[in-house]
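Okay, structure first, notes after.
The values are calculated or read from the model by the stated rules, or taken from the named source; none is laboratory data. Everything quoted here is computed from the prediction, not taken from an experiment. Quick reminder, even Gly has a Cβ in these numbers, built from the backbone with ideal geometry, and neighbours come from all protein chains shown. Only protein heavy atoms, including side chains, enter the accessible area calculation; ligands, DNA and RNA are left aside. Shrake-Rupley method; radii C 1.70, N 1.55, O 1.52, S 1.80 Å.
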Amino acid sequence: MCVGVPAKVIKKEEYSALVDVLGSQTTVGIIFVPEVEIGDYVIVHAGQAMSIVEEEYARQSVEEWKKLVNARNPETV
Amino acid sequence: MSMLEILKQSSNPEICKPLVDAVIQKAVEFRQKFGRKPAFMEVCGSHTMALARTGVKQSLKDYVQLISGPGCPVCVTDQRSIDAMIALAEGDNRIICTFGDMMRVPGSNRTLLDSKIAGKDIRVLYSPVDAVKVAKDNPDKEVIFLGVGFETTIPILTLMVGEAEKLRLDNFSIWMTTKLVEPVLRYLLEAGEVQLDGFLLPGHVSIVLGEDAYQYLVTEYNISGVITGFEPAELLSGIYKLIDLAINGQASILNNHPAVVRKAGNQVIHQWLEKYLTECDEAWRGMGVIPRSGLDLKPEYDKYNAKKRFTVEVGEPKKTKCRCGEVIRGLISPNECPLFGKACHPMNPIGPCMVSAEGSCAAYYQYMRESF
Ligand code: SF4
């Protein structure tokens, strides 16, 4: 029930939004994330957007993984 | 990098493969220090599935002990509640709406699927809020949603009540059997049956609860937790951090999923929960009743509470040799159940852990039969 591929918001209405999930479009509820904007990525659970993915933190996580990998393997970049 | 490219990095093999090596190296360091493998419990059923599906669990099996916990909502629901929900579907003039996972869960006498085949109106919904629409379209029928779930699903149940109120429906109700993470973690820690070096904390439940909600693990039990997502790089980095904390003898809560989990959780959701729900005792499979371990509708919403509207009679649940109760407490792994892969398999599940998309036995059967 909890699998969450982030969905990109394409169109926003008052309580729902049209989102794109890897090329297929569907409508989800946005009552729990009223601040969502077009272009944001959201985590959807059982038809409802539960959280907005923050780009800055997503980027930081990737940097962190690369650091872990490089710390172990200094010869690779 | 565009946002989509950033998100794709979490399953990029060029990152994930070396991350496996980094985790193994850390785990070896742990073993050198403590003379054993580090042991962590993944609390969430989706973690159990993700660890198996991505191969993370298999590739770490000689170095890290990953124990599945009580995180699959259908699996932790006790047998009497399962039987009651199946009995509920027997009543006339009713439409039962549910998540797909519930359909094949064995009751003492039958499954919901058996009842559906026998002609009962039972509908599987991906988006539960649609159950309210079903009620609106069928004013002469009672529409009951089977509300099984943890903190991620519970808010959606409140949305349904809100919607039913708005439409002034008299024929919609929810049969609530919800479960909360904190009381069951406390139960496990107090029972002390499994030795753990930390918890892999659920990414989605934490969207609701927030990072700060886990501090009791540190202050009261001196154990670490790392909030983790579901993609391979997220899982591996989460496990890495847990081992690192354990090596340093440091108990701490870390948020390894900061892009979606905030410190205080989702405040809009908290308001919905507070408006409609109140704590209640819940019975867990293999653990009995844990006080205040679930949420139920407040008395002013009795109208939407199926348990108040309908009476169902169920007898003592049928005894089986299923060991789901021990599986969800982390005491045995699925392949230690004598029925695993023999009498019990996905086409003929004996217990819920073999049915659910988040069940440990199903995860083992699908992805790990050969590797353990
Ligand atoms: S293998 Fe089947 S019978 Fe055994 S614990 Fe798992 S679900 Fe129950």
Task: DSSP bridge orientation in chain B - percent antiparallel, rounded to nearest 5 - done: 20
Task: Delta accessible area of at least 10 Å² on complex formation, residues of the range B:14-40, 1.4 Å probe, chain isolated as reference - done: B:Ile15, B:Pro18, B:Leu19, B:Asp21, B:Ala22, B:Gln25
- [ ] Go through B:Lys8/B:Lys263; A:Lys12/B:Lys57; A:Lys66/B:Lys37 and tell me which ones have a Cα-Cα distance over 32 Å in this structure.
- [x] A:Lys12/B:Lys57
Task: Per-residue mean of C-beta atoms belonging to partner chains within 10 Å, peptide B:255-266 - done: 5
Task: GNM flexibility winner over chain B from B:Thr152, B:Thr177, B:Thr219 (Cα, springs under 10 Å) - done: B:Thr219
TODO: Count, for each residue of B:267-276, the Cβ atoms from other chains sitting within 10 Å of its Cβ, then give me the mean as a whole number.
DONE: 2
TODO: Would you mind checking the tilt of helix A:55-72 against the longest principal axis of the Cα atoms of chain A, expressed as 0 to 90 degrees and rounded to 10?
DONE: 20
TODO: Just order B:195-204, B:114-123 by mean Cβ neighbour count inside 10 Å, highest at the front, would you?
DONE: B:195-204, B:114-123
Task: Of every Cα-Cα pair in the protein assembly as shown, the percent that sits beyond 29 Å - done: 47
Open item on the list: Quick check: pseudo-label points 7 Å beyond the Cα along Cα→Cβ at A:Val21 and B:Asp302, how many nm apart are they?
Closed with: 3.9
Open item on the list: Accessible area of the range B:275-317 with a 1.4 Å probe: how many percent of it is carbon plus sulfur?
Closed with: 48
- [ ] Report the FRET efficiency, 1/(1 + (r/R0)^6), for B:Arg110 and B:Met347, where r is their Cβ-Cβ distance and R0 is 22 Å, rounded to 0.05.
- [x] 0.85
Task: Averaged over A:52-63, number of beta-carbon atoms from partner chains that fall within 10 Å - done: 6
Open item on the list: How much length would be gained if the chain were fully extended between B:Ala118 and B:Thr320, taking 0.36 nm per residue of separation minus their Cα-Cα distance, in nm to one decimal?
Closed with: 70.3 nm
Task: Table column - 3J(HN,Hα) (Hz), the range B:96-101, Karplus curve with 6.51, -1.76, 1.60, x for Gly and Pro - done: 9, 10, 7, 6, x, 3
- [ ] At most 11 other Cβ atoms within 10 Å and a DSSP loop assignment: could you name the trypsin sites (Lys or Arg not before Pro) in the range B:28-87 that fit?
- [x] B:Arg36
- [ ] Roll a 1.4 Å probe over the protein heavy atoms and report the accessible area of B:Leu167 in Å², nearest 10.
- [x] 70
Open item on the list: Report the gain in length on full extension from B:Gln25 to B:Asp170: 0.36 nm times residue separation, minus Cα-Cα distance, nm rounded to one decimal.
Closed with: 46.2 nm
- [ ] Starting with the highest mean, order B:205-213, B:343-351 by the number of other Cβ atoms within 10 Å, averaged over the residues of each peptide.
- [x] B:205-213, B:343-351
Task: Distance in nm between pseudo-label sites at B:Arg369 and B:Glu220 (7 Å out along the Cβ direction from Cα) - done: 4.2
- [ ] Compute the length gained on full extension between B:Asp140 and B:Arg186: take 0.36 nm times their separation in residues and subtract their Cα-Cα distance, giving the result in nm to one decimal.
- [x] 12.1 nm
- [ ] With a 10 Å radius around each residue's Cβ, average the other Cβ atoms per peptide and rank B:236-243, B:37-44, highest first.
- [x] B:236-243, B:37-44
